[in-house]
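The values are calculated or read from the model by the stated rules, or taken from the named source; none is laboratory data. These figures come from a predicted structure and were not determined experimentally. Cβ: placed from backbone, ideal geometry, glycine included. Neighbour counts: every protein chain shown. Accessible surface areas use protein heavy atoms only, side chains included; no ligands, DNA or RNA. Shrake-Rupley method; radii C 1.70, N 1.55, O 1.52, S 1.80 Å.
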Amino acid sequence: MADASLQHWREGVGAYNAGDIQRAITQFKSAAPSKGVLFNLGVSTAKLGDNQGAIRHFDEVLRLDPNLGVAYLTRGACKHHEKMFDAAIYDYDRALACISDTSGVTLDYSGEGLQFEMNRVDLLFNRALALKEVGRIAEAQDDTAKARKLVDSRTTSRQAALDKLSSQLANLAVATPTQPRNLAANTYSPGDSGVL
């Protein structure tokens with residue numbers, strides 16, 4: 001990154017961390033379009049509620065690096081919020097494929113210049129929520145059970161949300177065919193430990 005571009009990126013990160021998201025976006029747009037800059041631009045755009053714009057930024061990131069799992073996670077979350085559940089599931093699948101069995105539960109992207117960690121617990125939780133929305137209850141239950149087994153000191157705050165989702169899925173699994181499944185009534189809102 002050239003000096004001016006690096007300065008715009010740093011100022012964008014500083015503005016984002018200070019809560020000035022619009023200024024962060026302006027600074028990121030002034031920097032050279034690297035995968036780190038585009039990723040931060042996507043996160044900032046999503047923070048302002050423009051999930052479609054954020055998806056476009058994450059598409060650009062993935063064109064530059066099709067193996068950047070965290071971009072699949074964040075793009076999947078944006079698609080999830082837009083109720084594009086099948087597309088979100090696809091992105092969560094791709095993100096999970098980026099975490100090898102030898103890399104552990106969490107991938108730290110700070111070496112990529114991204115202040116972001118991606119972990120299996122959040123991925124499995126998000127995918128379970130999307131699977132639930134499309135009526136794939138047994139698969140959602142499997143993901144929730146796997147996520148609950150992986151909770152560690154870094155992800156212990158997710159336990160309550162996993163327990164709540166597990167309970168909801170159990171209730172949906174025992175619903176009889178004469179009792180229609182009202183999936184929308186049982187979803188998390190983004191502010192209620194929803195998609196991470």
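Observations on the structure shown:
- Residue selected from the stretch 1-21 under the condition part of a loop (DSSP other than H, G, I, E, B) and either within 13 Å of L38 (Cα to Cα) or at pLDDT below 85 (or both), by the criterion least open to solvent (accessible area, probe 1.4 Å): A2
- Every condition in (1) surrounded by 17 or more Cβ atoms within 10 Å (Cβ to Cβ); (2) closer than 22 Å to E82 by Cβ; (3) at pLDDT below 95 is met by V121 except one, and the failing one is (2).
- Listed by first and then second residue, the pairs linking a residue in the stretch 1-25 that is more than 16 Å from H57 (Cβ to Cβ) to a residue that is surrounded by 15 or more Cβ atoms within 10 Å (Cβ to Cβ) and polar (S, T, N, Q), with Cβ atoms under 7 Å apart and 6 or more places separating them unless they lie on different chains, are M1/S34; E11/Q27; A15/Q27.
- Of R158, R154, all but one fail to be assigned to a loop (DSSP other than H, G, I, E, B) and not acidic (D, E); the exception is R154.
- Given (1) modelled with pLDDT under 80; (2) out of contact with any Leu (no Cβ under 8 Å at 6 or more places or on another chain); (3) not in a helix (DSSP H, G or I), number of the condition K83 does not satisfy: (1)
- Within the stretch 150-160, restricting attention to residues that are open to solvent by less than 60 Å² (accessible area, probe 1.4 Å) and either among the polar types (S, T, N, Q) or modelled with pLDDT of 95 or more (or both), the residue that is nearest to the chain's Cα centre (by Cα) is T155.
- Residues (surrounded by 14 or more Cβ atoms within 10 Å (Cβ to Cβ), closer than 20 Å to N51 by Cα and of a type in the set (S, T, N, Q)) located in the stretch 22-33: T26, Q27
- In the set (1) farther than 26 Å from G135 by Cβ; (2) open to solvent by 20 Å² or more (accessible area, probe 1.4 Å), the condition left unmet by K83 is number (1).
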